[in-house]
Amino acid sequence: MRVTVLTGRYAGHSREIPSSVNPSDLLDELARNNENWRCHWDTATSQEELFAWVRADLMARIARALLFGRSVVFAEQVFSCRKGDRKDFLRAIGEVEDAIVTSNVMVRVASDEDDGPLVIEMAASMQ
């Protein structure tokens with residue numbers, strides 16, 4: 001998988017990530033530093049790798065938005081938490097994940113801009 005960092009201290013850097021790297025570890029680190037990134041989906045070497053990166057990407061984007069005071073919008077619901085409140089953050093991220101899982105639809109990120117909400121849209125039914 002190839003990842004390009006879009007903002008922050010490594011903005012513009014693009015790297016091939018070895019399959020030995022856990023995607024959640026890498027993307028969570030970028031999220032904690034409030035850096036935005038782009039995954040190059042066409043560089044995945046297997047379906048398993050692609051699915052692992054897609055899930056990690058979505059969860060890290062949700063975490064980044066909530067950690068830095070942005071809301072998350074999904075299925076006409078708005079999720080947010082108090083900035084710096086770990087307990088409230090865990091509540092909010094759990095609510096977003098529950099809403100996505102119980103929706104029984106595939107989702108994708110529609111918008112992830114630094115000055116607005118993270119918008120997640122329904123892509124297709126999983127039935």
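Here's the yes/no breakdown for (1) among the hydroxyl-bearing types (Ser, Thr, Tyr); (2) in contact with an Asp or Glu (Cβ under 8 Å, 6 or more places away or on another chain):
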{"residue": "VAL3", "(1), (2)": "no, no"}
{"residue": "THR7", "(1), (2)": "yes, yes"}
{"residue": "SER14", "(1), (2)": "yes, no"}
{"residue": "ALA31", "(1), (2)": "no, no"}
{"residue": "CYS39", "(1), (2)": "no, yes"}
{"residue": "GLU48", "(1), (2)": "no, no"}
{"residue": "PHE51", "(1), (2)": "no, no"}
{"residue": "VAL54", "(1), (2)": "no, no"}
{"residue": "ARG61", "(1), (2)": "no, yes"}
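Among the residues of segment 24-56, how many are polar (S, T, N, Q) and farther than 20 Å from THR7 by Cα? If you could, list the steps in order and put the result at the bottom.
As a first pass, look at segment 24-56 and keep what is polar (S, T, N, Q): 24, 33-34, 36, 43, 45-47.
With the extra rule that they be farther than 20 Å from THR7 by Cα, the set shrinks to 43, 45-47.
Within segment 24-56, residues that are polar (S, T, N, Q) and farther than 20 Å from THR7 by Cα number 4.
Test of understanding: among ALA65, ALA60, which residue is closer than 17 Å to TRP37 by Cβ, touching a residue at least 40 places away in the same chain (Cβ under 8 Å), surrounded by 15 or more Cβ atoms within 10 Å (Cβ to Cβ) and among the small types (Gly, Ala, Ser)?
Working: ALA60 fails: touching a residue at least 40 places away in the same chain (Cβ under 8 Å).
Only one candidate qualifies: ALA65.
When the residues of segment 99-123 are filtered to those that are closer than 15 Å to TRP37 by Cα and touching a residue at least 40 places away in the same chain (Cβ under 8 Å), which remaining residue is most open to solvent (accessible area, probe 1.4 Å)?
Within segment 99-123, the match that is most open to solvent (accessible area, probe 1.4 Å) is ASP114.
Among the residues of segment 8-23, are any under 22 Å from ILE120 (Cα atoms) and among the hydrophobic types (A, V, I, L, M, F, W, C)? I'd like the intermediate steps shown before the answer.
First pass over segment 8-23, keeping only residues under 22 Å from ILE120 (Cα atoms): 23.
After this cut, where a residue has to be among the hydrophobic types (A, V, I, L, M, F, W, C) as well, the list is none.
Among the residues of segment 8-23, not one is under 22 Å from ILE120 (Cα atoms) and among the hydrophobic types (A, V, I, L, M, F, W, C), which makes the answer no.
Hey, can you tell me all the residues within segment 70-96 that are touching a Leu at 6+ places or on another chain (Cβ under 9 Å), charged (D, E, K, R) and open to solvent by 50 Å² or more (accessible area, probe 1.4 Å)?
LYS83
VAL5: of a type in the set (Val, Ile, Thr) and open to solvent by less than 40 Å² (accessible area, probe 1.4 Å), yes or no? Don't jump to the end; show me each part of the working.
Numbers: of a type in the set (Val, Ile, Thr): yes; open to solvent by less than 40 Å² (accessible area, probe 1.4 Å): yes.
So VAL5 passes the test.
Within segment 1-72, which strands (runs of 3 or more DSSP E) (wholly inside it) include 1 or more residues that are over 27 Å from VAL105 (Cα atoms) and more than 13 Å from the chain's Cα centre (by Cα)? Let's see the steps before the verdict.
Working: elements: 2-5, 14-16, 37-40.
Counting at least 1 such residues, we get 2-5, 14-16.
The values are calculated or read from the model by the stated rules, or taken from the named source; none is laboratory data. These figures come from a predicted structure and were not determined experimentally. Cβ coordinates were reconstructed from backbone atoms using ideal geometry, including for glycine residues, and neighbour counts include every protein chain displayed. Calculation scope for accessible area: heavy atoms of the full protein, side chains included, ligands and nucleic acids excluded. Shrake-Rupley method; radii C 1.70, N 1.55, O 1.52, S 1.80 Å.
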